[in-house]
Structure formats: C-alpha cells, structure tokens
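Novice: First, the structure itself, so that you have it in front of you.
The values are calculated or read from the model by the stated rules, or taken from the named source; none is laboratory data. Just so it is clear, the structure is predicted and the values come from calculations on it, not from any experiment. Counting neighbours? That spans all protein chains shown, and the Cβs are built from the backbone with ideal geometry, glycine included.
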Amino acid sequence: MRYSDGGGLTAKQRAQREQVRFEAAELFAQGVAPPEVARRLRVSRKSAYAWHADWRSGGPEALRSKGPPGRSSRMRPGWRAWLDAELARGPAAHGWVEDQRWTVQRVAVVIARRFHVRFSVPQTWRILRQMGWTPQMPRRRAAERDEDAVATWVKETWPRVERR
C-alpha cells in the first residue's frame, strides 16, 4: 500500500496538496515553466509537468482535488453508533457466553446479523480502528497455563529454535 495507514490521505492533507496545485496554476498563468514551478514549490518535475498539462486543458479547476479514492464504505455513520453501543454490551449479549472477548470475526457477524451486510475481516478491523477500538491483550493468564512446562520450553526448546 502506498500510505502507512493503508488508506491514503486525510481530508486536511488532500486540501493542503490541492492548495499547492492551485499555487502552481497561478505560476503557470504568470508564464513560469514547469521545471521552475517544481523548484519553487519543492515538488517533482513529473508532478509539475502533469499539473501543467491538466491546467492547459482545463484551467485551475482541473487541479481541484477529486476527493478520497475508491468507493465509499457501506458502513453508515448511524450504524457505527449502534455498533459502538452493542460492543459496550459485550459478547454475551450476542450469544458468545463461553469467552468474553470481542474478535474481529464476531464483530463482523454482529454487523451482518443486524444490517445484512458482510464485511471482510480487514474491513471490519478498519471500521473498528476508525471508531477508536484497539487490540487488547488479556489481563490474566489462562487458568490452564502450566508454568513449569513454559519454563522448560524457554530453557530447552527456545535456544534450539533461536539458533536457526
């Protein structure tokens, strides 16, 4: 993916880039050549030439931002508020009584049951991240954990695996 957050630019970042393109349009209107525009605005020559071609064919409006790329999410804002309230109720309220942890798969099932829309695990995770949810680690260790077996594994098995 091109950007670290996996989703492109924020609205603020798009507006900042659009402002740079508009500055380039003003310079083009004054007769400044694309290489000089690139130098002044500290952008690549390739971008300056592409902007110049767009500006020649459509004027400054051709340099306006086209908005976020891709199709918009099927997850509606009202659905997010409902989902947040349901997640606060806990997994037991939705039939998962054996384990009181939300998983991304469970959240996807809850969404599908209520809104009849299926989201993939990565898309469900993106929705949760946008809502402010983060991955959590259990507070306690499992009751079945055998500390002696763990110590033996760390002492004997791990050094052999680590050497590879």
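Novice: Can you tell me how many residues in region 72-117 are among the acidic types (Asp, Glu) and exposed (fewer than 13 other Cβ atoms within 10 Å of the Cβ)?
Specialist: 2
Novice: Would you mind telling me which numbered condition in (1) closer than 30 Å to LEU128 by Cβ; (2) touching a residue at least 40 places away in the same chain (Cβ under 8 Å); (3) more than 19 Å from the chain's Cα centre (by Cα) ARG101 fails?
Specialist: If we test ARG101 against (1) closer than 30 Å to LEU128 by Cβ; (2) touching a residue at least 40 places away in the same chain (Cβ under 8 Å); (3) more than 19 Å from the chain's Cα centre (by Cα), just (2) comes out false.
Novice: Still on this structure: Between VAL117, VAL110, VAL121, VAL104, which is in contact with a His (Cβ under 7 Å, 6 or more places away or on another chain), at pLDDT 90 or above and farther than 30 Å from TRP51 by Cβ?
Specialist: VAL110
Novice: State yes or no: is TRP51 out of contact with any Ser or Thr (no Cβ under 8 Å at 6 or more places or on another chain) and assigned by TED's automatic domain parsing to the domain that holds GLU26?
Specialist: yes
Novice: Check every one of the helices (runs of 4 or more DSSP H) wholly within region 3-90 and list those with 2 or more residues that are under 30 Å from ARG101 (Cβ atoms).
Specialist: 77-89
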